[in-house]
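For reference, the structure is listed below as structure tokens.
Since every read-out is calculated from the coordinates, none of them should be taken as a lab result. Bear in mind that the values here come from a model prediction, so they are computed numbers and not experimental data. Here the Cβ positions follow ideal geometry from the backbone for every residue, glycine too, while neighbour counts run over all protein chains shown.
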Amino acid sequence: MRCGDAEFIDVDGLDALFRALSDRGYRVIGPTIVDTAIVYDDIGGTADLPRGWTDEQDGGRYRLVERDDDALFGFATGPHSWKRFLHPPVQRLWDAERDGDAVTVRPAAADPAPLAFIGVRSCDLQAMRIQDRVLIEGPYPDPHYADRRAAAFVVAVDCGTAGGTCFCVSMETGPEARHGFDLKLTEIIDGDAQRFIVSAGTEAGRAVLAALPTREAGDADLASAAAVVDRTAASMGRTMRTDDIHGLLLSNLEHARWDDTAARCLACGNCTMVCPTCFCTTVEDSSDLTGTRTSRSRRWDSCFTADFSHIHGGSVRQSTRSRYRQWATHKLATWHDQFGTSGCVGCGRCITWCPVGIDITEEVRAIRETAEQ
Amino acid sequence: MEGLERFIGEHPFFAGLDAGYRQIVSGCTANVRFEPGQYLFHEGEDADRFFLLRHGRVALEIEVPGRGALTFQTVSEGEVVGVSWLIPPYRWAYDARALDLVRAIAMDAACLRGKCDADPTLGYDMMKRFLPILVDRLQATRMQIMDVYGASD
Amino acid sequence: MVPIVARVRRRRRDGPGVWTLDLRSDEGAVRPAAPGQFNMLTVFGVGEVPISVSGDPGDGDRLLHTVRAVGPVSAALADLRPGSAVGVRGPFGIGWPVGAMAGRDILLVAGGLGLAPLRPALYRLLADRDRFGTLTLIYGARSPDDILFRREFQSWRRKPGLDVQVTVDHATDAWDAHVGVVTTLIPRATFDPSRATALVCGPEVMMRFAVNGLRNAGVDEAAIFLSMERNMKCAVGLCGHCQFGTVMICRDGPVFSYDRIGAMLGRKEL
């Protein structure tokens with residue numbers, strides 16, 4: 001944002017933004033309440049947003065609670081992340097048809113509409129960047145992800161509330177959205193006045209912004225916006241030391257703490273489903289009864305299943321201990337070797353949605369405090 | 001004797017052996033040959049010798065009723081046949097059969113044991129030469145037990 | 001992501017439950033594979049598995065894969081008749097460093113079905129025999145009946161400049177060659193350890209034993225190459241299944257030098 005160039009919109013302006021995106025052909029997806037949780041789904045306007053609600057989060061605990069204001073983005077993160085849309089749980093890859101001995105294979109069709117994401121948090125912007133590295137920037141880009149990602153319009157929002165399991169400050173991924181968005185909003189509530197400081201990060205963002213009923217923001221607005229992220233940064237629910245975490249974990253692969261964790265872990269895979277960077281998939285082939293039409297689909301998989309590491313003879317990772325260790329060491333250590341970044345953005349979802357409340361920050365702390373060196 | 005001492009000096013099993021010990025050890029040796037199919041020894045017999053192969057191959061076998069002789073290892077030139085002479089009651093635990101024309105140095109076990117007892121430094125040297133062979137065979141046996149190549153049936 | 005359709009031209013039994021498929025592509029040639037690379041083969045309606053290329057990279061007309069029927073997909077593959085359609089994606093992965101081995105003494109150490117991914121390297125080495133030092137093929141199988149490419153061994157034995165040593169774990173009466181694990185053949189091979197490169201392929205336990213034998217013989221850890229196996233779904237570094245500590249087998253391998261992965265080998269459930 002250039003100095004003196006700050007603008008803001010009100011709630012009507014936000015509705016205008018949704019209409020502008022919809023008019024440009026985007027499928028608009030944002031936070032909304034379904035089954036007592038804030039999830040990401042198709043939204044028509046600000047009326048669909050979780051106005052006046054926030055979330056209370058802790059290990060294995062998530063509750064919606066009413067706020068004492070009308071904030072539209074006054075919550076942290078829910079069980080969904082944007083990978084649900086960019087890297088969906090099920091992706092058809094191809095269909096094949098047999099005619100005698102001949103077989104014709106047709107790649108799956110692309111999505112009809114580009115996606116617009118409303119309310120993307122800084123941690124999730126970083127998660128997208130991490131998935132970009134994995135799914136686009138390797139030698140074999142995933143065309144499905146790449147197409148959706150290139151077409152998507154991202155409206156970020158600075159976090160005004162830190163969740164009880166958030167630790168983006170430790171992972172240096174938030175709470176302020178700094179890049180990776182087309183537009184960014186900072187929600188400011190001052191009594192009855194509800195404003196969204198808005199700035200563009202791309203040409204596409206500027207073009208949309210130009211069509212909105214904006215007003216010039218004053219110094220007081222900018223000071224309030226800065227205070228929002230400062231306040232959030234100061235109220236993280238969790239912290240994790242990351243210095244030499246690669247060496248720490250890889251030199252402690254036989255640490256007794258992994259057994260301790262395994263005694264609690266149900267190997268349910270929830271952490272991998274809610275994690276915004278976990279990308280693992282498996283494939284499923286299916287066939288009609290005559291074997292004429294066959295197809296292959298890709299679906300999310302989890303390193304917590306026995307099948308995941310199956311080779312002829314059995315699973316490589318038979319114990320829950322080895323599966324949790326694989327997940328945690330991949331996320332925090334070997335991800336660096338494979339992709340040049342951490343695989344963790346500190347969003348805290350794995351802590352909140354673990355049915356037994358296993359806390360990755362606590363596990364790392366325990367290993368650090370009792371490591372041999 | 002000179003020829004045998006030279007054979008001992010050339011055999012990998014005795015590589016680096018002190019010249020004085022080589023002479024002592026030579027006093028327990030004989031030059032032997034076996035025709036293809038001939039047995040070096042049989043299971044249950046007294047393990048009164050062991051063999052340093054100079055030429056040819058030897059099959060180590062165990063007779064299994066109904067299945068015939070099962071070979072569990074073949075030993076080639078430069079290697080050693082027989083370890084039972086080291087450990088009481090000094091009895092062979094398998095058959096050893098020459099696969100080709102075999103030339104070997106036969107070591108008299110009682111003679112060598114006596115010399116080792118008399119000079120524990122020589123005894124320790126001998127143990128250091130035999131122990132790696134035993135450990136290698138133990139590890140090879142482990143790998144065979146694991147049947148790593150997967151079932152063929 | 002989308003396979004090319006190929007057709008089984010010929011099918012040949014190369015061991016118990018082991019079949020070599022000769023494939024030809026419908027839609028123009030499938031890209032030729034470097035020795036040690038693999039393709040993902042699909043039986044339509046059944047599934048897809050990684051299978052290493054086992055033919056001669058110099059023989060552009062034939063695309064060979066040697067398959068052992070061990071799971072539903074490999075069993076369906078091994079059972080395909082001439083004319084049947086097969087989906088092919090690939091070739092993938094980093095193979096044997098044949099191009100960087102000029103002037104070296106070379107040991108190929110194979111166990112069981114592990115000979116199949118090494119065969120393309122052997123063909124290339126033989127085709128360019130003068131560029132290399134000594135060349136030894138050491139092969140271990142479970143029993144004489146399990147020996148892969150049995151007929152081809154006859155011709156390899158007659159090749160000048162190739163020393164072929166075969167051993168079996170369990171012998172029958174008719175067997176008159178070596179008995180014992182494959183590592184016992186390493187000290188008997190002729191090579192200068194200071195300029196030797198070893199390519200090792202077989203079950204992981206066998207490879208770990210072989211590495212010990214090679215290191216004992218003085219071969220440098222950076223000159224020992226292994227072909228690793230893990231579960232694979234995508235073969236292109238996207239599905240995450242082939243994680244092996246710091247590396248992904250499909251993207252960074254399947255062939256690795258021992259000095260790169262040695263610290264992780266044998267680590268329980270890694």
Point-charge dipole on Cβ atoms (K/R +1, D/E -1) for region C:99-244, about Cα centre, debye to 20: 360
Excluding C:Trp156 itself, calculate the net charge of residues whose Cβ lies under 12 Å from the Cβ of C:Trp156, where each Lys or Arg counts +1 and each Asp or Glu counts -1. +4
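In a shell of Cβ-Cβ distance under 11 Å around A:Trp300, excluding A:Trp300 itself, what net charge do Lys and Arg (+1) and Asp and Glu (-1) give? Kindly include the intermediate steps, with their values, before the conclusion.
On the way: positive: A:Lys83, A:Arg84, A:Arg298, A:Arg299; negative: A:Asp301.
Local charge sum for A:Trp300: +3.
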Report the Cα-based extents of chain C along its three principal axes, largest first, to the nearest Å. 48, 44, 36
Can you return the aspartates and glutamates within cross-link range of B:Lys115? Criterion is Cα-Cα under 20 Å, with same-chain partners fewer than 8 residues away left out. B:Glu2, B:Glu5, B:Asp18, B:Asp46, B:Asp48, B:Asp125
Taking region A:245-370 and dividing mean pair separation by its residue count, relative contact order in percent (alpha carbons under 8 Å, at least six apart): 33
Ignoring the sites themselves, what is the longest stretch of chain C with no GluC sites (Glu not before Pro) in a DSSP loop and at most 15 other beta-carbon atoms within 10 Å? C:28-268
Which shape class applies to chain A: rounded if a/c is under 1.5, otherwise prolate when a/b exceeds b/c and oblate if not, where a ≥ b ≥ c are the square roots of the Cα gyration tensor eigenvalues? oblate
Sort C:Tyr258, B:Tyr90, C:Tyr139, B:Tyr124 so the one with the fewest other Cβ atoms within 10 Å of its own Cβ comes first. B:Tyr124, B:Tyr90, C:Tyr258, C:Tyr139
Which ³J(HN,Hα) values in Hz, rounded to whole numbers, follow from the phi angles of region A:47-62 under the Karplus curve 6.51 cos²θ - 1.76 cosθ + 1.60, where θ = phi - 60° and Gly and Pro get x? 5, 7, 6, x, 4, x, 10, 9, 10, 9, 10, 7, x, x, 9, 8
Name the residues whose placed amide hydrogens come within less than 5 Å of the amide hydrogen of C:Ala69, ignoring near sequence neighbours (fewer than 5 apart) on the same chain. C:Trp19
With +1 on each Lys and Arg Cβ and -1 on each Asp and Glu Cβ, and nothing else charged, work out how big the dipole of the protein assembly as shown is about its Cα centre, in Debye to the nearest 20. 2180
Going by a ≥ b ≥ c, the root eigenvalues of the Cα gyration tensor, does region B:26-67 fall in the rounded group (a/c under 1.5), the prolate group (a/b larger than b/c) or the oblate group? oblate
Relative contact order for chain C, counting Cα pairs under 8 Å that sit 6 or more residues apart, in percent: 17
Kindly put A:Trp94, A:Trp82 in sequence by how many other C-beta atoms sit within 10 Å of each C-beta, fewest to most. A:Trp94, A:Trp82
To the nearest 20 debye, region C:4-92 has a Cα-centred charge dipole, built from +1 on Lys and Arg Cβ and -1 on Asp and Glu Cβ, of 200
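What's the Cα-based Rg to Rh of region A:112-153, Rh via Kirkwood?
Working: Rg = 10.8 Å, Rh = 10.9 Å.
Reported Rg/Rh (Cα atoms, Kirkwood Rh): 0.99.
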Return the subset of A:Lys331/C:Lys233; A:Lys331/C:Lys268; B:Lys128/C:Lys159; C:Lys159/C:Lys233; A:Lys184/C:Lys233 for which the Cα-Cα distance in this structure is over 29 Å, preserving the input order. B:Lys128/C:Lys159; C:Lys159/C:Lys233; A:Lys184/C:Lys233
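Rounded, prolate or oblate, given the Cα gyration tensor of region C:4-92, with a/c below 1.5 counting as rounded?
Cα axes put region C:4-92 in the rounded bin.
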Calc'd 3J(HN,Hα), region B:131-148, phi into Karplus 6.51 cos²θ - 1.76 cosθ + 1.60 (θ = phi - 60°), Hz, glycine/Pro = x, comes to 4, x, 5, 5, 5, 4, 5, 5, 5, 4, 5, 4, 5, 5, 4, 5, 6, 5
Any cysteines in chain B with zero other Cys Cβ atoms under 4.7 Å from their Cβ? List them, or say none. B:Cys116
What angle do you read, to the nearest 10 degrees and between 0 and 90, between the alpha-carbon axis of helix C:115-127 and the longest principal axis of chain C? 70
Scalar couplings 3J(HN,Hα) for region C:229-244 by Karplus 6.51 cos²θ - 1.76 cosθ + 1.60 (θ = phi - 60°), nearest whole Hz, x for Gly and Pro, are 10, 8, 4, 9, 10, 10, 6, 10, x, 10, 9, x, 5, 8, 3, 9
What is the antiparallel percent of DSSP beta bridges lying wholly in the protein assembly as shown, to the nearest 5? 75
Using Cα-Cα distances under 8 Å and only pairs 6 or more residues apart, what relative contact order does region C:39-129 have, in percent? 35
Taking the dipole of the protein assembly as shown about the Cα centre (Lys, Arg +1; Asp, Glu -1; charges at Cβ), the one of C:Met101, B:Tyr21, A:Leu183 that reaches farthest to the positive side is B:Tyr21
Arranged by the count of other C-beta atoms within 10 angstrom, fewest first, what order do B:Cys111, C:Cys250 take? B:Cys111, C:Cys250
Specify which residue in the list A:Val198, A:Gly357, A:Val134 is farthest towards the positive end of the charge dipole of chain A, using unit charges on the beta carbon of Lys, Arg (+1) and Asp, Glu (-1), about the Cα centre. A:Val134
Ignoring everything except DSSP H segments at least 4 long, calculate the 222 nm mean residue ellipticity for chain A; use -39,500 (n - 2.57) per segment, divide by total residues, nearest 500. -8500 deg cm²/dmol
Extreme residue, positive dipole direction of region C:218-266, given options C:Ala263, C:Gly218, C:Val247 (C-beta unit charges): C:Val247
Report the antiparallel proportion of the DSSP beta bridges in chain C as a percent, rounded to a multiple of 5. 60
Mean residue ellipticity (222 nm) of chain B, computed from DSSP H runs ≥ 4 via -39,500 (n - 2.57), nearest 500: -11500 deg cm²/dmol
